[in-house]
Amino acid sequence: MIDIHLPDNSVRSYEEGTTALDVARDISEGLARNVLAARINGEVWDATRPINTDADLQLLTWNDDDGKAAMWHSSAHLMAEAIEKLYPGVKFGIGPDIEQGFYYDVDFMDYEISEKDLGKIEKKMQELAREKQSYERNDVSKKDAISYFEEKGDEYKLELINELEDGSITFYKSGSFTDLCRGPHIPSTGFIKAIKLTKVAGAYWRGDEKRKQLTRIYGITFPKKKELDEYLVLLEEAKKRDHRILGKELDLFTFSHKVGQGLPLWLPKGAELRERLESYLKEVQRKAGYEPVISPHIGNVKLYKTSGHYDKYGAESFRPITTPVEGEEFFLKPMNCPHHCEIFNSKPHSYKELPIRYAEFGTVYRYEQSGELHGLTRVRGFTQDDAHIFCTPEQIKDEFNGVIDIIQQIFAALDFKEVIIQISLRDPDNHEKYIGSIENWDKSEKAIIEVAEERGLNAVIEYGEAAFYGPKMDFMVKDAIGRKWQLGTIQVDYNLPERFDLTYNGADNEKHRPVMIHRAPFGSMERFVAVLIEHCGGNFPLWLIPEQAIILPISEKYNEYGKKILILLQELGIRAAIDTRSEKTGRKIRDAEIKKIPYMFIVGEQEENDNNLSVRKHGEGDLGKYSVEEISKIINSEVEVMMNLK
RNA sequence: GCCGGGGUAGCUCAGGGGUAGAGCGCUUCCUUGGUAAGGAAGAGGUCACGAGUUCAAUUCUCGUCCUCGGCUCCA
């Protein structure tokens, strides 16, 4: 007999060879019907795999990430089976579960596959799912594994098997499909009730662009039809928030093939919005002791040879600009930090001056592969909200605190409620690959961890993720529909101070090496604005939105009164416009609602007589009558609270 | 850069070897209105660009540019 320990601390005894599914049935039939997999002594297993020793057991359902993973991985097998039935002779690469579903990389040989074929595969999958095929796990020897796939002629699987240890190889068989697979899988395909194949894409075998490109098919499955429907609604919602579409609709930015791909053009409304963001951050930074600096858009190749960027990225950069007579080479600047190092170096510094904080909205240019460009989130020219802090190792902690204050303030002002932080530290097993002294690394890593703990930040520590030049802290936000976006970063740098030979005079009158901290709360203005658009779906916070209010005269008779109000509003600092078209009020309201203008001021005979206006709020409706002064005060104080500038 | 979709009016898109269509928007006129679409008329296109095939190309072929979904890459 073996003892099975359950999460509620109860212990049950079973015959050897019992399964997680047996245990579940023992608890309740209902539970058993929902069990997708099980965690046995910390390892995820098939719910149908025999347990032969005492064990801790946790049953996994659709509510557990590992349960979902088992479901999606099993779905990948189901898709492979369907594909094999429809397209005999195809070969399979890998088919894992991913964050949202699964994919399988397939070598379709001579078959041509496009999105039009997905429906057919989906249908076949549904058919096979209804057969409630079980997933059978089998240990196989390396020899047998090889001969199976040799016979099948699948060189991809053979390549994978060759890298595996004999004795650790398992096959899974479901229906007519047998795959090399570690598992775990769900008990049967019957759990897969709703199937959606989402896209087809090319993917290199093993991610290597020199190797054959396979066809990758993405899909997602659910245990209930309703959940698929909800997922599809979410996709629709994401589509509606696409910053490329909203950017066009709201006249924020555009691209021109004559200007060049990946080079955004900011339209007046977008530029105003961005300027407002920038001046806000400038004000916050000024208060936090930053000093502005400005550097040119190009720099001599020597600068980047000194910084090390030339060796690392020179070949993948835009080609250098050459002076006509001397033949000197200049690069478009890919980073602001080398310039800022030279600004620091322009005169000697005393320890009494530190920390020095140079801030610049610096536009940088990087050659990105053409296929990688995407709206404003991935471009070839962008503006970093950059700053470099030069300080002593002892000051790192305070400086991190200061930067986090700034980041939290601006994220709050923009209504990002959830911020996730990643702290990237050295690989503890490999200290050699990092530049800088061990003591300094220890000091800075300790400082970062302490800051996170003291502030109670929602942070995860990743070992081995640090850059070779220093540890870092990255900020991610969750948007209104739950998607995560990587934004700002704070990075310690021991490398550039070394390369640029930055020094300050210490109290001992000796030269010392400062530490440099790179930080960008937004990351890039382009990417940030894109994220903001998608987060708020174009309904920008009142302090940022290009048009805060629009005056809607009931008829042309009240246009004069409306214009008078407009001037008053503008004098009181409200960004307003007026709709003087000869349209009905309902129409003007509808148009203003679609344009997502926060406040609508309706003026007609009553308002003109009482010298006030009727206020309608976007998405809410009629708020009643206010005087111009009253409503301006309301709007301005709403703005002030959001900006939180003391 | 690679694989696969695309590029037709300001926007969203239909069409197809005989030089072009819808809806919305825009302009003008009628209408003068009270909280999400009043009516009519009109303007607007080198069908991305370049070459080829053809009596004839926006349509077919090739190339280039741009764009979308992925892959790869990302200081």
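The values are calculated or read from the model by the stated rules, or taken from the named source; none is laboratory data. All values reported here derive from a predicted model rather than from experimental measurement. Backbone-built Cβ (ideal geometry, glycine too); neighbour counts: all protein chains shown. Areas reflect the complete protein model, heavy atoms only, side chains present, ligands, DNA and RNA absent. Shrake-Rupley method; radii C 1.70, N 1.55, O 1.52, S 1.80 Å.
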Quiz item: Okay, which of segment A:260-280 sit inside 12 Å, backbone N to the point 7 Å along the Cα-Cβ direction of A:Lys248?
Solution: none
Quiz item: Rounded, prolate or oblate: which fits segment A:209-332 when a ≥ b ≥ c are the square roots of the eigenvalues of the alpha-carbon gyration tensor, with rounded for a/c under 1.5 and prolate only if a/b beats b/c?
Solution: oblate
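How would you classify segment A:2-61 from its alpha-carbon gyration tensor, with a ≥ b ≥ c the square roots of the eigenvalues: rounded for a/c under 1.5, else prolate if a/b is greater than b/c, otherwise oblate?
Working: a/c = 1.33, a/b = 1.23, b/c = 1.08.
Verdict is rounded for segment A:2-61.
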Quiz item: Separation of segment A:405-429 and segment A:85-109 by C-alpha centroid, Å?
Solution: 37 Å
Self-check item: Under 26 Å from the Cα of A:Lys312 - lysines, other chains or at least 8 residues apart
Solution: A:Lys210, A:Lys302, A:Lys333, A:Lys433, A:Lys472
Self-check item: segment A:66-231, accessible area per residue, ligands and nucleic acids excluded (1.4 Å, Å²)
Solution: 48 Å²
Practice problem: For A:Glu328, enumerate residues with amide H under 5 Å from its amide H, sequence gap 5+ or separate chain, H modeled in the peptide plane. | Solution: A:Thr323
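Suppose only helical runs count, i.e. DSSP H with n ≥ 4. What mean residue ellipticity at 222 nm does that imply for chain A under -39500 (n - 2.57) per run, divided by all residues and rounded to the nearest 500 deg cm²/dmol? Display every interim value, and only then the final one.
On the way: 20 runs with 229 residues, N = 646.
Calculated at 222 nm, the ellipticity per residue is -11000 deg cm²/dmol.
With a 1.4 Å probe and every protein chain left in place, work out the accessible area per residue of segment A:420-540 in Å², rounded to a whole number. Don't skip to the end; give the middle numbers.
Values: 4920 Å² over 121 residues.
Per residue, segment A:420-540 has an accessible area of 41 Å².
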Quiz prompt | ³J(HN,Hα) computed for each position of segment A:487-494 - Karplus, 6.51 cos²θ - 1.76 cosθ + 1.60, integer Hz, glycine/proline x | solution = 10, x, 8, 10, 10, 7, 9, 9
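Could you compute the FRET efficiency for A:Tyr463 and A:Asp65, with r as their C-beta to C-beta distance and R0 at 35 Å, rounded to 0.05? Spell out each step's value before the answer.
Values: r = 22 Å, r/R0 = 0.62.
Taking R0 as 35 Å, the efficiency between A:Tyr463 and A:Asp65 is 0.95.
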Practice problem: Mind giving me the FRET efficiency for A:Lys196 and A:Ile634? R0 is 56 Å, r the Cβ-Cβ distance, nearest 0.05 is fine. | Solution: 0.75
Quiz item: Between segment A:528-591 and segment A:21-78, what's the alpha-carbon centroid distance in Å?
Solution: 56 Å
Quiz item: For chain A, what proportion of DSSP beta bridges, expressed in % and rounded to the nearest 5, is antiparallel?
Solution: 85 percent
Quiz prompt | Estimated distance in nm for a label pair at A:Ile481 and A:Ile420, the labels positioned 7 Å out from Cα along Cα-to-Cβ | solution = 1.8 nm
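Leaving ligands, DNA and RNA out of it, rank A:His518, A:His243 by accessible area with a 1.4 Å probe, largest first.
Details: A:His518 25, A:His243 0 Å².
From most exposed to least exposed: A:His518, A:His243.
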Exercise. Would you kindly state how much longer the chain becomes between A:Glu275 and A:Asn162 on full extension, computed as 0.36 nm times their sequence separation minus their alpha carbon distance, in nm to one decimal?
Key: 34.9 nm
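If a helix is a whole DSSP H run, which ones in chain A reach 20 Å or further along their own axis (Cα) and hold a mean Kyte-Doolittle hydropathy of at least 0.0?
Values: long enough: A:65-86 (31 Å, -0.28); A:225-240 (23 Å, -0.82); A:268-287 (28 Å, -1.47); A:396-413 (26 Å, 0.59); A:438-455 (26 Å, -0.96); A:628-643 (22 Å, 0.43).
Membrane-span-like by this rule: A:396-413, A:628-643.
For chain A, what does the relative contact order come out to in percent, with C-alpha contacts under 8 Å and a separation of six or more?
Working: 1176 pairs, mean separation 56.3, N = 646.
Dividing the mean separation by the residue count of chain A yields 9 percent.
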Quiz item: How high is the relative contact order of segment A:66-231, given as a whole-number percent (alpha carbon pairs under 8 Å, six or more residues apart)?
Solution: 28 percent
Quiz item: Roughly how many nanometres apart are two label points built 7 Å out from the Cα toward the Cβ at A:Met109 and A:Arg378?
Solution: 3.3 nm
Practice problem: Can you bin segment A:66-231 into rounded, prolate or oblate? Criterion: square roots of the alpha carbon gyration tensor eigenvalues sorted a ≥ b ≥ c, rounded for a/c under 1.5, prolate for a/b above b/c, oblate for the rest. | Solution: oblate
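Might you tell me the accessible area per residue for segment A:2-61, computed with a 1.4 Å probe and given in Å²?
Values: 3050 Å² over 60 residues.
Normalised by residue count, the accessible surface of segment A:2-61 is 51 Å².
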Quiz item: In whole percent, how big is the carbon plus sulfur part of the accessible area of chain A, probe 1.4 Å, protein atoms only?
Solution: 48 percent
Quiz item: Roughly how many nanometres apart are two label points built 7 Å out from the Cα toward the Cβ at A:Lys239 and A:Glu498?
Solution: 5.2 nm
Quiz item: So which aspartates and glutamates pass the test for A:Lys305, namely a Cα distance under 13 Å, with those fewer than 8 places away in the same chain ruled out?
Solution: A:Glu329
Quiz item: For chain A, max minus min Cα coordinate along each principal axis, in Å, sorted largest first?
Solution: 83, 76, 60
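Can you figure out the FRET efficiency of A:Arg211 with A:Lys143, using R₀ = 35 Å and their beta-carbon distance, to the nearest 0.05?
Values: r = 26 Å, r/R0 = 0.75.
For R0 = 35 Å, the calculated efficiency reads 0.85.
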Quiz item: Over segment A:136-235, what is the mean sequence separation of C-alpha contacts under 8 Å (at least six apart), divided by residue count, expressed as relative contact order in percent?
Solution: 20 percent
